[in-house]
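Taken together, the values in this text are just the output of simple stated rules run on the coordinates, not laboratory data. Just so it is clear, the model here is predicted, and its values are computed rather than measured. Positions of Cβ are generated from backbone atoms using ideal geometry, with glycine treated the same way; all protein chains shown enter the neighbour counts.
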Amino acid sequence: MVAKIIDGTKVANEIYKELEGEIEQLQRRGLIPGLAMVLVGEDAASLSYIKGKAKACSRVGVYEEEVRLPQDASEDEVLRVVEGLNKEVKFHGILVQLPLPSHISTEKVASCISPEKDVDAFHPVNMGKLLKGEPYLLPCTAHGIQQLLTRSGYDPGGKHVVICGRSNTVGKPLAAMLMQKKEGANATVTVCHTGTKDLASITRQADILISAMGSPKTITADMIKI
């Protein structure tokens with residue numbers, strides 16, 4: 001079998017075009033979608049992510065505003081900022097860039113964001129709705145993986161999908177999404193992790209294998225079904 005690389009840029013451009021049309025309709029009704037992005041500290045990777053998200057907002061017509069706090073900002077300060085953004089009517093979405101400094105609880109901050117504005121879908125309410133198959137918002141990375149598959153002709157329906165990684169940001173939500181009885185899902189899902197014995201014997205059973213372990217080259221050629 002010859003490997004085929006999914007053209008992520010092509011898929012992204014398709015989605016951008018769709019969003020541009022939808023947002024244009026909202027703007028005609030006098031509604032300008034707004035996103036607040038909170039960044040604590042000066043982590044280089046986080047700065048790059050924020051820059052990319054700001055560029056994407058500009059492309060599709062979303063108003064965005066960055067709120068930057070110093071590395072030594074207290075947990076209470078961050079929570080107060082989020083609570084203030086919850087009340088701001090010009091913001092329809094709030095994104096707190098991760099990772100946060102070690103002295104700030106990611107769980108507390110995620111739970112502070114209004115579920116209706118929680119664009120990363122990290123709030124317990126949104127995670128619960130996702131598991132039930134009734135999501136209000138979808139976690140970005142997991143949804144992106146699903147879109148890459150379905151828009152590239154790799155329907156998960158009826159397939160055995162093996163996900164390597166059980167993080168709250170990718171592995172768990174993606175498993176919840178793909179097991180639902182819905183279009184673009186309806187898969188048999190196995191989740192592997194660092195405690196999985198003989199990982200290769202499981203990955204070789206996969207019709208669709210997804211690596212979300214945060215470690216490059218964890219999956220090698222001999223671990224893939226031929």
Problem - Table column - 3J(HN,Hα) (Hz), region 45-52, Karplus curve with 6.51, -1.76, 1.60, x for Gly and Pro - result: 5, 5, 4, 5, 4, 4, 4, x
Exercise for the section: Determine which lysines satisfy two conditions relative to Lys217: a Cα distance under 20 Å, and not lying fewer than 8 residues away in the same chain. Expected result: Lys4, Lys197, Lys225
Handout entry: GNM flexibility winner over the chain from Ala206, Ala54, Ala45 (Cα, springs under 10 Å)
Key = Ala45
Problem - Helix-only mean residue ellipticity at 222 nm for the chain, each DSSP H run of n ≥ 4 adding -39500 (n - 2.57), per residue, nearest 500 - result: -12500 deg cm²/dmol
Problem - Hz values of 3J(HN,Hα) by residue in region 57-63 - Karplus curve (6.51, -1.76, 1.60), Gly and Pro given as x - result: 4, 4, 5, 9, x, 9, 6
Completion exercise
Heads up, region 91-208 by the C-alpha gyration tensor (a ≥ b ≥ c square roots of eigenvalues; a/c under 1.5 rounded, else a/b over b/c prolate, else oblate) looks oblate
Exercise for the section: Amide H neighbours of Thr190 under 5 Å, at least 5 residues apart or on other chains, H built in the peptide plane: list them. Expected result: Val161, Val162, Ile163
Practice task
Mind giving me the nanometre distance, one decimal, between the label points for Ile224 and Leu148, set 7 Å out from Cα along Cα→Cβ?
Solution key: 1.3 nm
Exercise for the section: Amide H neighbours of Asp118 under 5 Å, at least 5 residues apart or on other chains, H built in the peptide plane: list them. Expected result: Ile94
Practice task
Enumerate the calculated ³J(HN,Hα) couplings along region 213-226 in order (Karplus 6.51 cos²θ - 1.76 cosθ + 1.60, θ = phi - 60°), each rounded to whole Hz, writing x wherever the residue is Gly or Pro.
Solution key: 9, x, 9, x, 6, 5, 8, 10, 4, 6, 9, 10, 4, 10
Problem - Leading residue at positive end of dipole, region 116-206 (Cβ point charges), from Pro156, Thr188, Ser201 - result: Ser201
Problem - Peptide ranges 61-67, 212-218, 27-33 listed from the most packed, as the mean C-beta count within 10 angstrom indicates - result: 61-67, 212-218, 27-33
Exercise for the section: Would you mind pulling out the separation of the Cα centroids of region 127-174 and region 81-110, in Å? Expected result: 23 Å
